[in-house]
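Asker: A single structure is presented below for examination.
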């Protein structure tokens, strides 16, 4: 896998595991090329393994429960920042199925990134569009590995 030229993803790893930002940079690059995201745009990706995600879910979304990924978009014409994505690595590890942990993290990151770009999955038609985009970008990612 080629390492992307720009570092658009600021990885904040608050876990005990060593995780490279290269796969997330690659996912960002694929989406950037297909969604016409300005090259100057960036985001924060925080990996956690404590109760952080549950607390954020309760505080900001009113859901007192664990989740795998949360995205907080940032909207400004002046600042080239998309927002924050938080992923719970323990939940990712538990739900990964036949994927590797890294693959599951890439899937969750892609999901969060699409949320930052205003895609959603609450309504049926919106869910179909988002699933279609997830599938498209994962196919591109897997084809390039």
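Asker: Residue 15 is checked against (1) in contact (Cβ under 8 Å) with a residue 60 or more places away in the chain; (2) farther than 18 Å from residue 141 by Cβ; (3) surrounded by 18 or more Cβ atoms within 10 Å (Cβ to Cβ) and fails just one. What number does that condition carry?
Answerer: (3)
Asker: Can you name every residue in region 19-37 that is touching a helix residue (DSSP H, G or I) at 6+ places or on another chain (Cβ under 8 Å) and part of a loop (DSSP other than H, G, I, E, B)?
Answerer: 19, 37
Asker: Taking region 79-99 as the region of interest, how many residues are farther than 16 Å from residue 47 by Cα and assigned to a strand (DSSP E or B)? Before you say what the answer is, go through the steps one by one.
Answerer: Kept after step one, since they are farther than 16 Å from residue 47 by Cα, are these residues of region 79-99: 79-82, 97-99.
Now narrow it down to the ones that are assigned to a strand (DSSP E or B): 81-82.
Total satisfying the criteria: 2.
Asker: Same structure again: Return the only residue of 47, 11, 56 being part of a helix (DSSP H, G or I) and in contact with a strand residue (DSSP E or B) (Cβ under 8 Å, 6 or more places away or on another chain). Break it down into steps so the answer makes sense when it comes.
Answerer: Details: 47 fails: part of a helix (DSSP H, G or I); 11 fails: part of a helix (DSSP H, G or I).
Checking each option against the conditions leaves just 56.
Asker: For residues that are surrounded by fewer than 13 Cβ atoms within 10 Å (Cβ to Cβ) and either assigned to a helix (DSSP H, G or I) or touching a helix residue (DSSP H, G or I) at 6+ places or on another chain (Cβ under 6 Å) (or both), scanning just region 105-125, find the one that is modelled with the lowest pLDDT. Spell out the reasoning first.
Answerer: Step one: of region 105-125, the residues surrounded by fewer than 13 Cβ atoms within 10 Å (Cβ to Cβ) are 118, 120, 122-125.
After this cut, where a residue has to be either assigned to a helix (DSSP H, G or I) or touching a helix residue (DSSP H, G or I) at 6+ places or on another chain (Cβ under 6 Å) (or both) as well, the list is 120, 124-125.
Working: 120: 84, 124: 73, 125: 77.
Looking at residues that are surrounded by fewer than 13 Cβ atoms within 10 Å (Cβ to Cβ) and either assigned to a helix (DSSP H, G or I) or touching a helix residue (DSSP H, G or I) at 6+ places or on another chain (Cβ under 6 Å) (or both), I get 124.
The values are calculated or read from the model by the stated rules, or taken from the named source; none is laboratory data. Bear in mind the structure is a predicted one, so any value in this text is a computation, not a measurement. Ideal geometry is used to build each Cβ from the backbone, glycine not excepted, and the neighbour counts take in all protein chains shown.
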